[in-house]
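Following: one structure in structure tokens, then a few remarks.
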Amino acid sequence: MYPEDRKYSKEHEWIKIEGNIGIIGITHYAQEELGDIVHIDLPELGKEVKQKEVLAVIESVKSASDVYSPVSGKVIEVNEKLREKPELINEDPHNEGWIVKLELSNPEEYNSLLSAAEYKNYIGS
Amino acid sequence: MAKKLFLEEEHINLGAKFFDFAGWLMPLQYSSIVEEHLSVRTHLGIFDISHMGRILVKGNSAKDFLQHITTNDINKLFPGKAQYSLILNYSGTIMDDIIVFMLNHDEFLLVVNAINTEKVLNWLKQNNTLNLEISDLTKETILLAIQGPKSEETLEKYLKINLSEIKYYHFIKSPFGNTELLISRTGYTGEDGFEILADLKTGKKIFLDLVYKENITPCGLGARDTLRIEMGYPLYGHEIDENTTPWEANLAWVVKLNKGDFIGKKALIEKKDKKTKYLNGFIMVENGIPRVGYEVYLKEEKIGYITSGTFSPILKLGIGMLYTYIDIQNEVFIKIRERYLRAKIEKPPFIKNTSLKKGEDKNVS
């Protein structure tokens, strides 16, 4: 359920590294907790975020929830498909439902995140 | 400590996610709010709404008493008829919106909002100068809502009785085993449907049978809320409260000023042309989900606030209700996070042509 090719935050985001680019989404656990996702506010390209700052806002039927950036960096791409199909996050949170690609400004931060095993332990699954 | 439903275990077994609502631990959803919502609009769903307060008022002068306590005209009732009504305080603002069921000439059942059950019970007792018997049946009974276009057909088959003769806002008492059910054609979803009041043991059997044998989709309060918002029905604590008159909440149709005296009438007459706020429905024009408490703007000026807002699973866009301090008709802006998004004022219901057959009554709650 939780791929080992990436790391996880305690705020329930995942990040997968390719070179100095980080692909970010929310975890299966998070999408289950949120329920039906019906809207997403995506960041603008070029936006710089620090670790734990708000990167996007996901709206489920019942509430709006912030997505925190697991690392610092600059937004270089957003998943445009989510504008029309935000439910992709429910359907495939770890692949098709990715949210943002960041150019990392402090790659060290990645190391402080949880491994798949640690994250599973953290959510008690 | 939140109160628990008698059927909590059954809801857990069905995979319910729970949340606190009005002092009760309630199912929010089972599968998904959208799926449950669509199930009710197209087919059928069952809700355990046993958190709603059920109060029995009994005695020779029960009718006169309720005529004095509520705003609608009790004289329109007869055994087997239910009525949407309001309880006001002396300031003419809303203590609760309720349904009154006339069981017998001297016996009435009030279904009140969970959040107001204690308050209404105390209010009734405080005003009970006529020695009436006032009892709280909430914890001794189960209240189930079966809602959706297939509700009549499915319940007729299960209960083996004819339900087609029960008109909207009417009810029957029907034997079931060695007990009796109260079955009313009422609901809060905008679809045709029934509400069944039963004792605990019978209610449990009916719930389990309907879910597991008749395959009715269990639905949580999440879907109940999105369904009622699509219809523009008010919810206590949102569109109505003790800072709101029936005039402001567009509930003048439930107030019968010519029926004689009732609590709040004097203040109501004084406040009739003095609305301090206006209730309207709205639909988002720009992409965004409105939520309760968000601010409403006209140009640069803040003119009101949202009382209920959600994503409509049918329209697939944001809808809701709002109060403004000035009377408006066209377009407003909703502040969602730091953006001001366009919305157009529209009279609910937002979904037309549902399976609900209103007949003689308007439908609310």
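The values are calculated or read from the model by the stated rules, or taken from the named source; none is laboratory data. Just so we're clear, the structure is a prediction, and the values are computed from it rather than from any experiment. Because the Cβ atoms are built from the backbone with ideal geometry, glycine has one as well, and the counts that use them run over all protein chains shown. Note: areas computed on protein heavy atoms with side chains; ligands, DNA, RNA excluded. Shrake-Rupley method; radii C 1.70, N 1.55, O 1.52, S 1.80 Å.
Do you know which residues across the stretch B:272-319 are among the polar types (S, T, N, Q) and over 28 Å from B:Gly92 (Cα atoms)? Within the stretch B:272-319, B:Asn287, B:Thr310, B:Ser312 meet the criteria. Answer yes if at least one residue in the stretch A:90-113 is over 18 Å from A:Asp5 (Cβ atoms), touching a helix residue (DSSP H, G or I) at 6+ places or on another chain (Cβ under 9 Å), open to solvent by less than 30 Å² (accessible area, probe 1.4 Å) and within 14 Å of chain B (Cβ to nearest Cβ), and no otherwise. Checked the stretch A:90-113: no residue is over 18 Å from A:Asp5 (Cβ atoms), touching a helix residue (DSSP H, G or I) at 6+ places or on another chain (Cβ under 9 Å), open to solvent by less than 30 Å² (accessible area, probe 1.4 Å) and within 14 Å of chain B (Cβ to nearest Cβ).
Is there a residue in the stretch B:228-250 that is of a type in the set (A, V, I, L, M) and over 13 Å from the mean Cα position of the chain (by Cα)?
Checked against the condition, which is being of a type in the set (A, V, I, L, M) and over 13 Å from the mean Cα position of the chain (by Cα), the stretch B:228-250 yields at least one hit.
Annotation: of all residues in the stretch A:57-77 being buried (at least 22 other Cβ atoms within 10 Å of the Cβ) and among the small types (Gly, Ala, Ser), the one that is farthest from the other protein chains (Cβ to nearest Cβ) is A:Gly73. When B:Tyr212 is tested against (1) part of a helix (DSSP H, G or I); (2) farther than 30 Å from B:Asn280 by Cα; (3) in contact (Cβ under 8 Å) with a residue 24 or more places away in the chain, just one condition goes unmet, and that condition is (3).
Quick grid of which residues meet (1) within 11 Å of chain A (Cβ to nearest Cβ); (2) not β-branched (Val, Ile, Thr):
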site	(1), (2)
B:Phe282	no, yes
B:Ile289	yes, no
B:Tyr297	no, yes
B:Gly320	no, yes
B:Tyr325	no, yes
B:Ile345	no, no
B:Ser355	no, yes
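Against the test of being surrounded by 22 or more Cβ atoms within 10 Å (Cβ to Cβ), of a type outside the set (D, E, K, R), within 29 Å of B:Thr154 (Cβ to Cβ) and within 14 Å of chain A (Cβ to nearest Cβ), the options B:Ile216, B:Ile229 yield a single qualifying residue, B:Ile229. One residue stands out in the stretch B:1-20 among those that are within 14 Å of chain A (Cβ to nearest Cβ) and of a type in the set (Gly, Ala, Ser): the one that is nearest to the chain's Cα centre (by Cα), namely B:Ala16.
Residue by residue, here is whether (1) of a type in the set (Gly, Ala, Ser); (2) touching a His at 6+ places or on another chain (Cβ under 8 Å); (3) within 30 Å of B:Gly320 (Cα to Cα) holds:
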position: A:Leu55; (1), (2), (3): no, no, yes
position: A:Ser65; (1), (2), (3): yes, no, yes
position: A:Ser72; (1), (2), (3): yes, no, no
position: A:Ile89; (1), (2), (3): no, no, yes
position: A:Tyr110; (1), (2), (3): no, no, no
position: A:Ser115; (1), (2), (3): yes, no, no
position: A:Lys120; (1), (2), (3): no, no, no
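For the stretch B:169-194, give me each residue that is β-branched (Val, Ile, Thr) and either crowded, with 16+ Cβ neighbours inside 10 Å or within 24 Å of the chain's Cα centre (by Cα) (or both).
Matches in the stretch B:169-194: B:Ile172, B:Ile183, B:Thr186, B:Thr189.
Which of the residues spanning the stretch B:150-168 are open to solvent by 50 Å² or more (accessible area, probe 1.4 Å), within 18 Å of B:Glu180 (Cβ to Cβ) and touching a helix residue (DSSP H, G or I) at 6+ places or on another chain (Cβ under 7 Å)? Across the stretch B:150-168, the qualifying residue is only B:Asn162.
Taken as a whole, the structure places B:Gly23 among residues that are under 19 Å from the mean Cα position of the chain (by Cα) and surrounded by fewer than 16 Cβ atoms within 10 Å (Cβ to Cβ). For the stretch B:229-239, the criterion of being within 30 Å of B:Tyr90 (Cβ to Cβ), modelled with pLDDT under 95 and of a type in the set (Gly, Ala, Ser) is met by no residue. The condition of being assigned to a loop (DSSP other than H, G, I, E, B), under 30 Å from B:Thr217 (Cα atoms) and in the same structural domain as B:Tyr233 (by TED's automatic domain parsing) holds for only one of B:Gly92, B:Gly15, that being B:Gly15. I'd like to verify a number: residues in the stretch A:19-42 that are more than 12 Å from chain B (Cβ to nearest Cβ) and within 12 Å of A:Val100 (Cβ to Cβ), how many? Summing the residues that are more than 12 Å from chain B (Cβ to nearest Cβ) and within 12 Å of A:Val100 (Cβ to Cβ) in the stretch A:19-42 gives 6. Before we move on, is B:Met26 in contact (Cβ under 8 Å) with a residue 24 or more places away in the chain, at negative phi and more than 14 Å from chain A (Cβ to nearest Cβ)? So B:Met26 does not fit the description; no.
Considering only residues in the stretch A:1-16 that are at pLDDT 95 or above and open to solvent by 60 Å² or more (accessible area, probe 1.4 Å), the one that is nearest to A:Val75 (Cα to Cα) turns out to be A:Glu11. Of the residues screened, B:Ala223 is not one that is assigned by TED's automatic domain parsing to the domain that holds B:Gly53 and over 30 Å from B:Gly309 (Cα atoms). Scanning the stretch B:260-274 for residues that are free of Cβ contacts under 8 Å to residues at least 60 places away in the same chain, assigned to a strand (DSSP E or B) and not polar (S, T, N, Q) turns up nothing. Going by the conditions given, is B:Thr244 away from chain A (no Cβ under 14 Å) and assigned to a loop (DSSP other than H, G, I, E, B)? Answer is yes for this residue.
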